[in-house]
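Here's the structure, in structure tokens; my notes come after.
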DNA sequence: TCGCTGTTTAACACCTTCGTTAATTAACGT
DNA sequence: ACGTTAATTAACGAAGGTGTTAAACAGCGA
């Protein structure tokens with residue numbers, strides 16, 4: 001149930017191991033072994049996580065010799081953020097103030 | 001596997017039906033029946049989606065008489081956005097410019 | 001070619017998620 | 001009390017995610 005892009009992105013982010021991998025990649029490209037090192041899970045498991053991230057567009061992969069290097073591609077996060085921004089006024093103070101300001105203007109316009 | 005807050009939030013957002021429900025709630029509170037109306041899935045299914053959203057803190061629920069009204073509580077989206085913001089420099093142009101600016105300042109400080 | 005290192009694929013188990021229908025609970029109105 | 005409306009819980013099945021170990025594949029280097 002679901003193959004839309006946003007769902008894929010959010011699903012990819014819904015795993016702490018994958019988020020940690022992204023965090024690691026933010027510091028620079030890394031091989032599968034390097035990425036696996038901090039975790040107590042097997043290499044095949046990491047390999048699958050990388051496949052999920054790649055499928056979501058959150059990483060790209062290149063190979064040199066027998067090493068496969070992953071690099072961060074955070075553009076999908078922009079999409080995700082863009083979606084969430086629709087709800088910003090429900091939490092963001094400055095947005096609330098802006099909203100109040102606009103309402104004030106509106107009600108003043110009505111008076112005239 | 002996983003009960004950390006951020007995972008719960010992202011997992012909740014990884015479903016298009018749930019995102020649509022949030023979109024609907026952005027226009028105002030609604031009962032379960034009202035929320036179910038646009039979808040071709042059963043009421044129990046909607047009821048569970050609401051439970052997922054509630055568990056993620058994305059909605060709160062109140063009851064009056066036999067109706068249970070849901071209302072949006074987007075604060076968790078702020079948390080999610082906050083997490084993603086760490087990667088903003090990987091996609092946002094203005095961030096790149098800011099980054100370049102900061103690096104310029106830093107390297108100039110080193111010269112002195 | 002052989003062996004080593006790095007990584008993926010295969011096969012399996014387990015648990016969770018998502019949907020269904022049927023039954024139950026809750027509160028209202030008569 | 002009874003029937004109706006609103007919503008949830010129960011019980012079940014299909015599908016998918018995550019992890020494991022063992023086997024396979026890929027590329028290097030002697």
Unit-weight point scatterers at every alpha-carbon of the protein assembly as shown, Debye formula, q = 0.08, 0.09, 0.12 1/Å: log10 I(q)/I(0) is -0.40, -0.49, -0.79
On the formula 1/(1 + (r/R0)^6), with r taken between the Cβ atoms of residue A:104 and residue A:64 and R0 of 45 Å, the FRET efficiency rounded to 0.05 is 0.15
Quick note on A:25, B:50, A:58, ordering by fewest other C-beta atoms within 10 Å, gives B:50, A:25, A:58
For residue A:96, placing the label point 7 angstrom along Cα-to-beta-carbon and taking region B:63-85, residues whose amide nitrogen sits under 19 Å are B:71-82
Note on chain B: contact order normalised by length, alpha-carbon pairs under 8 Å, 6 or more apart, percent, works out to 24
Here FRET efficiency (C-beta to C-beta, residue B:3 to residue A:39, R₀ 22 Å, nearest 0.05) is 0.80
Cβ density ranking, 10 Å radius, fewest first, applied to B:55, A:101, B:49 yields A:101, B:55, B:49
Comparing A:70, A:47, A:94 in a Gaussian network model of chain A (Cα, 10 Å), the one with the largest mean-square fluctuation is A:94
The percentage of Cα-Cα pairs in region A:5-73 separated by more than 14 Å is 53
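Coordinate-derived values only; no laboratory data. On a predicted model such as this, the values are computed, not experimentally measured, just so you know. Positions of Cβ are backbone-derived with ideal geometry, glycine not excepted, and every protein chain shown enters the neighbour counts.
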